[in-house]
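The values are calculated or read from the model by the stated rules, or taken from the named source; none is laboratory data. As the structure is a computational prediction, the values presented were derived from the model and not from experiment. Cβ placement follows ideal geometry from the backbone for every residue including glycine, while neighbour counts extend to all protein chains displayed. Side chains included, ligands, DNA and RNA excluded: accessible areas come from the protein's heavy atoms. Shrake-Rupley method; radii C 1.70, N 1.55, O 1.52, S 1.80 Å.
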Amino acid sequence: MLAKVPKKRIDGRSSFGSLIAYISAHASAIVCSDSLWSVESASDEMAQVSLMNERVKDPVYHYILSWPGSEKPSDGCASDSVKATLSELNMIDHQWVAAIHRNTKNIHAHVAVNRVHPRSFASVYPKQDWIVLDRACRALELEQGWRHDRGPNKVEYSDGSSPRIVRTERD
């Protein structure tokens with residue numbers, strides 16, 4: 001399982017509306033946080049909350065979880081994986097929409113998150129998010145019995161002890 005945080009738009013014109021429309025197209029399932037009324041109103045709700053924090057330049061946060069072609073998680077399992085990664089990023093209580101796609105050889109989930117918390121209006125910019133997400137992927141692989149993918153973290157098995165996730169050295 002891999003996680004990717006796409007680069008921000010060069011023109012700085014990210015919007016909840018365009019991202020949610022993009023990820024919703026061709027989705028087999030769509031899930032949203034409890035702090036949203038519905039997927040249909042999500043982009044407006046997220047935009048309104050983001051206005052409550054004047055210092056946030058770009059409140060739109062997007063990442064993708066992708067499973068290898070050999071893994072076929074159910075929509076419920078993919079949704080649980082999204083929630084687990086959001087927890088690791090400390091963004092589970094934020095407004096978010098996740099769309100699970102089965103339209104390519106790799107099942108994948110796009111996640112759109114509002115960086116601004118809906119009650120405290122504090123913003124979150126996760127440090128080294130790609131490493132946090134990769135570690136969460138390794139933990140999910142262990143939990144679900146999935147094949148281990150490559151990344152900044154790997155699963156090590158030692159003599160008779162339970163597997164552990166360790167950070168790999170750079171080449």
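Quick check: is even one residue across the stretch 93-113 within 20 Å of Glu71 (Cβ to Cβ), among the hydroxyl-bearing types (Ser, Thr, Tyr) and at pLDDT below 95?
Looking for residues that are within 20 Å of Glu71 (Cβ to Cβ), among the hydroxyl-bearing types (Ser, Thr, Tyr) and at pLDDT below 95, one finds at least one in the stretch 93-113, hence yes.
Contact list please: Cβ distance under 6 Å, first residue in the stretch 64-76 and free of Cβ contacts under 8 Å to residues at least 60 places away in the same chain, second residue among the basic types (Lys, Arg), pairs at least six apart or on different chains.
Gly69/Lys105
Mind listing just one residue for me: the one in the stretch 65-92 that is touching a Leu at 6+ places or on another chain (Cβ under 9 Å) and either open to solvent by 40 Å² or more (accessible area, probe 1.4 Å) or part of a strand (DSSP E or B) (or both) and, of those, farthest from Arg115 (Cα to Cα)?
Per the stated criteria, the residue is Ser66.
Test each condition in (1) aliphatic (A, V, I, L, M); (2) out of contact with any Pro (no Cβ under 6 Å at 6 or more places or on another chain); (3) touching a residue at least 24 places away in the same chain (Cβ under 8 Å) for Leu51 and report the one that comes out false.
It fails just one condition, (3).
Select from the stretch 1-21 the residues that are without any contact (Cβ under 8 Å) to a residue 40 or more places away in the chain and within 20 Å of Ala109 (Cα to Cα) and write down the one among them that is least open to solvent (accessible area, probe 1.4 Å).
Filtering first and then ranking leaves Gly17.
Against the condition modelled with pLDDT of 95 or more and touching a Gly at 6+ places or on another chain (Cβ under 7 Å), how does Asp58 come out, does it pass?
no
Is it true that some residue in the stretch 144-156 is modelled with pLDDT of 95 or more and either touching a Ser or Thr at 6+ places or on another chain (Cβ under 6 Å) or within 20 Å of Cys32 (Cβ to Cβ) (or both)?
no
Just a yes or no: is a residue in the stretch 49-62 assigned to a helix (DSSP H, G or I) and hydroxyl-bearing (Ser, Thr, Tyr)?
Yes, the stretch 49-62 contains a residue that is assigned to a helix (DSSP H, G or I) and hydroxyl-bearing (Ser, Thr, Tyr).
Can you tell me which residues in the stretch 33-64 are surrounded by fewer than 12 Cβ atoms within 10 Å (Cβ to Cβ), of a type outside the set (D, E, K, R) and under 19 Å from the mean Cα position of the chain (by Cα)?
Once the filter is applied, which keeps residues that are surrounded by fewer than 12 Cβ atoms within 10 Å (Cβ to Cβ), of a type outside the set (D, E, K, R) and under 19 Å from the mean Cα position of the chain (by Cα), the stretch 33-64 yields only Ser38.
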